Every structure is written in C-alpha cells, then in structure tokens.
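J.: Just dropping this structure here.
The values are calculated or read from the model by the stated rules, or taken from the named source; none is laboratory data. Predicted model, so just to flag it, every value in this text is computed and none were measured. Cβ atoms come from the backbone with ideal geometry, glycine included; neighbour counts cover every protein chain shown. The area values use the complete protein model at the heavy-atom level, side chains included, leaving out ligands, DNA and RNA. Shrake-Rupley method; radii C 1.70, N 1.55, O 1.52, S 1.80 Å.
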Amino acid sequence: MSSVEPEIHQAFAQRPVADLGGRRAYEQAWSQFAGEQTIEDFCRNWLAIQSHVIGGVSDGVVILMKPASGTFAPVAFLPESPPDRALLAAVTEQALREGRGVVAPRSAQDGAARYQLAYPVRLDGKVHGVVGFDIEGRPEARLQTAIRELQWGSGWLELLLRRQVDPRQAERQRLKLALDLLAALLEQVRFAESATAFSTELATRLGCDRVSLGIVEGGRIKVRAVSHSSQFEQRANLVRAVESAMEEAVDQEEAVVYPPVQEARAVVARTHEALLHESEAGSAATFPLLHGDKIVGALTLERAKGHRFDLPTLELCQAVAALAGPIVELKRGNEIGLLRHGGRSAQGLWQRLVGPAHPGLKLAMAGVAAAALFLAFAAGPYRVSANATIEGAVQRAVTAPINGYVKAAALRAGDTVKKDELIGRFDDRELRLQRVKLAAQREQYVRTYREAMARHERAQAEMVSAQIAQAEAELAMVDEQISRTLMVAPFDGVIVSGDLSQSLGSPVERGQVLFEIAPLHDYRVALQVDERDIAEMALGQSGELTVSSIPGQRFPFRVTKITPVNTAKEGRNFFRVEAALEGAPGPRLRPGMEGVGKVHVDERKLVWIWTHSFTDWVRLWLWSWTP
C-alpha cells in the first residue's frame, strides 16, 4: 500500500479544498493514513480523505463485518455526532441487502436537493462491509464522478479486509504456486518429460518467454529441457549462451539476475548480458539446483523486454529451485546405468572417506580393512566336522536257542553285567517233561537189553543196545537245550539293546535276537562324513569328540578305517569313517551316545576355511552349465 500512496495523495491533493481548516484536516488525515494505525483509525482517516475527494459531504459512515460473529457494525463516522443518521442507515442497509451500489435523492429542511450514496465492500466475491455518504445536490455528470470516486476509494477498505482476514494470504499463494510447479516435475515418469513439463509450467505461471533446465555432466552444464519445446538443437548458439549463463551462476554458487534488482548482491553477470543480446530478451535469472552441498544443475528464466524480475518472483524462484534440486537428482539417478550408478556411489563413498567429516564411516572402513588384512594372512586349524556315534568295539548278540516262551528277564538295555551273569530264562517245563520221558524209555531199553543177554539172544541185544544209545543221545540233546534256557552274559559289558520285562510269557522263535551286549571299556567312534569332505580324510588323522550328554568334555580319537560305501540321508550322501578312542573313555561314556566329531586336517588360511564350501559349490554349478 505504501508504494502507491504518494501517487494517490498527489491526485487527491490537486482537488480544491473548501477552506484552510479543511486543508489542514485533509493533510492530517493523509499523514495518519500512511502510518501504523488501528482499523477504526484507518476507516476514520479514509472517511476524511474520501469526503474531500467527493466534496460536499455532510455525513459519512463505514460499516464492516466482525470476523468472529459475522455481524455488521459501524467502525467510523464523519462527523462523530451528526443530528440525524436514520436515512443514511436505511441506504446502507439496502446496499448490504442487495449487494450493489445505491443512490437515493432526498430534500433537506431548507428545500435544497441532496443525495445519499452507499457502496458495498467485497472480498473474494462476498460482501464484508458498506460505506455511505450524504452529499449535496449536483448535476448528473458530477454525481457519476462522485460514485466512481467512491467505488475506487473502496479498494483501500478491501485491502484492509484482506489483511485483516488473512495477513499471510500472499505467502500461501506463493507456497501453492511452488507446490504446483513441483507437481509438474513429479507427474511424469521419465526425467526428460518431467523436466520439459516443469520448465513449461514455470514459464507459463511466471510469464517468462523461455525457461531452461540444465544438468551438470562431467564438470560442464548441459541443457536438458526447454519450455514449450520437447526437442531442441544442442549446438544452437542460443542453447550454448544459456549453458554459459548457467555455468556463470554455478561457478559463483550464487543466483545471478540481469539486470540486477537494487537490493541484490553484486555478482558477475557478463554471460547473462550476452544471453540477453543473443535472445533479445529483457531480463534473465539463473538459479543453481542443489542436492545437499553439491550443485547438480541450474535453472535459467528469461522475460521479454519491458518485463523485469521483481523481488517476490525471485524469492519464489529461489524456493522452487531449492525444492527441485533433490527431485531432479533423484529422477536423473533412477535412469542412469548400473555401472554409472556404482561408480557414482563409489565416488561418493571415497569423498566421504577422504573428506573432513564422517568419522564413524572412516573408523568402520578402517576396521573392515584391518579385518580383510587379518583374513588374508591369518591361518588356523582346518577341521572336518561330522555327526558321530559311540559304538562298542565288539558287540555280542544273545539269541533265542529254541522256540519257547520267556519266563523271566531280570535285566534290560542300559544295565551293566558281569561275565556269566544271568540275564533272563525261558520256560523249560516241556523240555524237562521230555527228559523224564526219554529217561524212562532208556530204562526200559536197558531192561530189555539185560533180558536179551540172559537168553543169549545176541541179535536182539545188539538191536536194543542201539536203541539205548539213541535214547541217551536224545537225553543229552534235551539236557543241552535245558542248559541254554538260561541267558547269561558272555563277558563284562553293558546291555545296549533288548528289554523282555514287558514280554514275559510271550513266544519267541529260535534265532531271534533278544539282547545286544557291548564291552564297557572298548569303544569305537562312527563318523558320518559328508561326501564334500571325504577327500580330506586319511588314516591316522587325529580329532576330538563331544557327545550331547557331556558337552563340556572332549574325547580324543584317531581315524582307523574309511569305508568306501556311502549312505543317503536327508537328501545328502555320507561316508562311514571309524576311529578309535585314545586313552580311557571314562565311566560316563556309553555306547549309543551321539555327538559331533571334528577331524584335524592341517593348517590353512582362515578366509579359505570360511568360504571354501561356497566357492566349491559355485565351481560345481559353473561346471554343470559349461558346455
């Protein structure tokens, strides 16, 4: 408002003022009108100025809407206490109700003709107030002039209302414009299309003849988009002039405006002057595009002759350039190749490493380098791991000697036994009955033999003698079977399998395995070695065993046998490798225990130990695909 006040004041000052007192009141109103003041003071001074502009005013009022309640109330009068304001109130109410200017003639007490004027004050299409004046009579032409003066003067009240309703409306409008411009940059998928749309939208919104967007490539600026043009010649003189202007701003790391505004900093603008000469434009401005601390491009705007850039427009462009820089870099980075992306990442990492900041990254990279050197030169024991099982060196089976029934089973798996200790017995009643029968038959044959010898019947005696021998043989066989009904331990050891305590009275068949016994202090280790590691095995290699039940104790062993037959298990192939325990196994170790055994092969590099499984798999996979 302050930029146009002198011109308005000069125009109003040329109008005649009735007397010296009116002149002084007029000057005082203008002096107060130009300074900081309340709404009431603003409207009161406006009434004083407007009454002098119209002339012949006897009464005036300003009525505005209260922001909180939405009702209308007078805020200023001229003069403060008129004799009668009822007629002026009726005219202002009509103007508020109809939303238009009202002119009402009336007659004064002395018979002279007078007019009452009322005009609504609008804001964004809605009535927010009304002004009214009671003026002296005048010809039609002068009355139209008074109405026009009132209409023009009400613009000051509209400006007051706009500031009162939302003092930051201009800032929001600029923010909305900036967001609309960025939306044009984000709307398209490909960078070339989005840059062209952004440049075109920026030129249209800000009234520019041309807007160019350039990208830093290899230390130079290359124009990648020009407003209102999807294709342009890279070698054209105008494009080269724009690139030179962009490089001038980038080199100075400062926005360059030519011709400069009065408040701007002094910068070099020779190439911008040359650009205006080449393009015949009136003004040019270039803004660097920043991504972090790095300049990734520039934005150049050109306007026609007679249209220079003002400060609000430059501030808006500066804000748009600050927001567009990261978006431009992101879109451009999404379209570069994989190798270039890797190179840029490596370059950025190197700059952070050699730069003054990022101590955490430097420390981490130093740790990684130290670990790599350690793995490259450090060596350690290479051992092959395999699942292991404890087995007895000798394992004896106790089988059923006859077809019979279990009578007693005092021991079962897990119990220790001594040599010839009774483990169980079979029911021998049928065998004993058979023995009694055979013994009686033998006695009968003996008596018959004696009778034949007494009668000197030699043939009969020889025949009966053979029958006696047969009966004695059958008795011996039955006695042997009776002796084998007792199941005894063949040696000192532990029962590793078999439990007949739940099968008393059950029939068993001859040859059926009932118990398995292993010696207590003579064990071997059975290792299931993966086929990928079997090539590393050799006889005589040493190792250590840890069983699940005793995880804190190690049992040394030595490889004694490598079986060249594999076993499939869980989709993988395993070879059986046997080893003998060295030293006393200890009282807690038992056959059947399972654990993990590790066979020491030799000393190798740690990096090879940790990666050889993967590298071997890769070699095999590549070999399978090689023609």
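J.: When you scan segment 332-340, do you find a residue that is surrounded by 11 or more Cβ atoms within 10 Å (Cβ to Cβ), closer than 30 Å to residue 186 by Cα, touching a residue at least 40 places away in the same chain (Cβ under 8 Å) and out of contact with any strand residue (DSSP E or B) (no Cβ under 9 Å at 6 or more places or on another chain), even just one?
T.: Looking for residues that are surrounded by 11 or more Cβ atoms within 10 Å (Cβ to Cβ), closer than 30 Å to residue 186 by Cα, touching a residue at least 40 places away in the same chain (Cβ under 8 Å) and out of contact with any strand residue (DSSP E or B) (no Cβ under 9 Å at 6 or more places or on another chain), one finds at least one in segment 332-340, hence yes.
J.: Output the number of the condition that residue 278 fails; it satisfies all remaining conditions of (1) assigned to a loop (DSSP other than H, G, I, E, B); (2) more than 40 Å from the chain's Cα centre (by Cα).
T.: Just one mismatch for residue 278, condition (1).
J.: How many residues are open to solvent by less than 30 Å² (accessible area, probe 1.4 Å) and either among the aliphatic types (A, V, I, L, M) or touching a helix residue (DSSP H, G or I) at 6+ places or on another chain (Cβ under 8 Å) (or both) when one looks only at segment 525-568?
T.: Here the count works out to 9.
J.: While we're looking at this one, here's another question. Return the only residue of 244, 229 being at pLDDT below 85 and open to solvent by 20 Å² or more (accessible area, probe 1.4 Å). It would help to see each step written out before you state the result.
T.: On the way: 244 fails: at pLDDT below 85.
Exactly one residue qualifies, and that residue is 229.
J.: Would a scan of segment 435-444 turn up a residue that is in contact (Cβ under 8 Å) with a residue 12 or more places away in the chain and charged (D, E, K, R)?
T.: yes
J.: Looking at the structure I just gave you, is residue 98 of a type outside the set (Lys, Arg) and loosely packed, with under 15 Cβ neighbours inside 10 Å?
T.: yes
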